[in-house]
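A short worksheet on the structure shown next.
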Amino acid sequence: MNLPTISLITPSYNQGKFIERTLLSILSQSHKPVEYLVYDGGSNDQTVNILKKWEADLTWQSEPDDGQAAAVNKGLKACSGEIIGWINSDDTYNENALKNIAIAFNNNPNIDVIYGRALHIDENDEIINEYGTAYWDKALLLHQCFICQPALLFRRKIIQRVGLLDEGLNFCMDYEYWIRLSK
């Protein structure tokens, strides 16, 4: 089966304690090809050393930026995959998550956005609880964010229709983007 390329973007800043587990959760996925881009805001911890360790498997940049939304937007502009998502530097994907996402997009060519279930985990990967996900409901979305950011991926054409993240937001830039997607 010829599955689509997935581009993933990770914004990071001083996340050396967590970023390697994020990288490994992506690089160990059964689905290939995956284009992986990391935009680090100029960390002064061990983040850059970890990125150098894995640089054969990803594209990365470390320099001061204007925050998380700006870092994700750099990736949205630079990536080449048909399917796009972003995952923060302290999040992980379950085994085969990207293969399942690629198959779902492949089998549903008229669907432009897919989101799924997610778990809150602690720094030792122990499950804290499940993220409160719901079936699609536009009215509910206006009152409650039931979409966990790393569990949503979309087709490239979404960027052309909806644009980039709002770099004026330091928090909830994902939720604001989901609301724009719902329109």
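The values are calculated or read from the model by the stated rules, or taken from the named source; none is laboratory data. Computed from a prediction, not measured in an experiment: that's the story for all the values here. With ideal geometry, Cβ positions are generated from the backbone for all residues, glycine too; neighbour counts draw on all protein chains shown. With ligands, DNA and RNA removed, areas are computed over all heavy atoms of the protein, side chains included. Shrake-Rupley method; radii C 1.70, N 1.55, O 1.52, S 1.80 Å.
Quick check on the range 145-171: of everything there that is open to solvent by 80 Å² or more (accessible area, probe 1.4 Å) and without any contact (Cβ under 8 Å) to a residue 40 or more places away in the chain, which residue is farthest from V113 (Cα to Cα)? Spell out the reasoning first.
Step one: filter the range 145-171 for residues open to solvent by 80 Å² or more (accessible area, probe 1.4 Å), giving 157, 160-161, 167, 170-171.
Narrowing further to those that are without any contact (Cβ under 8 Å) to a residue 40 or more places away in the chain: 160-161, 171.
Details: Q160: 14, R161: 12, F171: 22 Å.
Within the range 145-171, the match that is farthest from V113 (Cα to Cα) is F171.
When L8 is tested against (1) at pLDDT 95 or above; (2) more than 15 Å from the chain's Cα centre (by Cα); (3) open to solvent by less than 50 Å² (accessible area, probe 1.4 Å), only condition (2) is not met.
Let's see how each residue does on (1) more than 26 Å from I128 (Cα to Cα); (2) open to solvent by 60 Å² or more (accessible area, probe 1.4 Å); (3) in contact with a strand residue (DSSP E or B) (Cβ under 8 Å, 6 or more places away or on another chain); (4) of a type in the set (F, W, Y):
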{"residue": "G41", "(1), (2), (3), (4)": "yes, no, yes, no"}
{"residue": "T47", "(1), (2), (3), (4)": "no, no, yes, no"}
{"residue": "I50", "(1), (2), (3), (4)": "yes, no, no, no"}
{"residue": "W60", "(1), (2), (3), (4)": "yes, yes, yes, yes"}
{"residue": "P64", "(1), (2), (3), (4)": "yes, yes, no, no"}
{"residue": "L76", "(1), (2), (3), (4)": "yes, no, yes, no"}
{"residue": "E82", "(1), (2), (3), (4)": "yes, yes, yes, no"}
{"residue": "N94", "(1), (2), (3), (4)": "no, yes, no, no"}
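If the condition is being out of contact with any strand residue (DSSP E or B) (no Cβ under 9 Å at 6 or more places or on another chain) and part of a helix (DSSP H, G or I), then the range 145-159 contributes only K157.
Within the bounds of the range 85-92, is there any residue that is out of contact with any helix residue (DSSP H, G or I) (no Cβ under 8 Å at 6 or more places or on another chain) and in contact (Cβ under 8 Å) with a residue 12 or more places away in the chain?
Start the filter on the range 85-92 by keeping residues that are out of contact with any helix residue (DSSP H, G or I) (no Cβ under 8 Å at 6 or more places or on another chain), which leaves none.
Looking for residues that are out of contact with any helix residue (DSSP H, G or I) (no Cβ under 8 Å at 6 or more places or on another chain) and in contact (Cβ under 8 Å) with a residue 12 or more places away in the chain, one finds none in the range 85-92, hence no.
Among the residues of the range 84-117, those identified as of a type in the set (D, E, K, R) and in a loop (DSSP other than H, G, I, E, B) are D90, D91, E95, D112, R117.
Looking only at the range 118-144, residues that are assigned to a loop (DSSP other than H, G, I, E, B), at negative phi and open to solvent by 70 Å² or more (accessible area, probe 1.4 Å) come to 8 in all.
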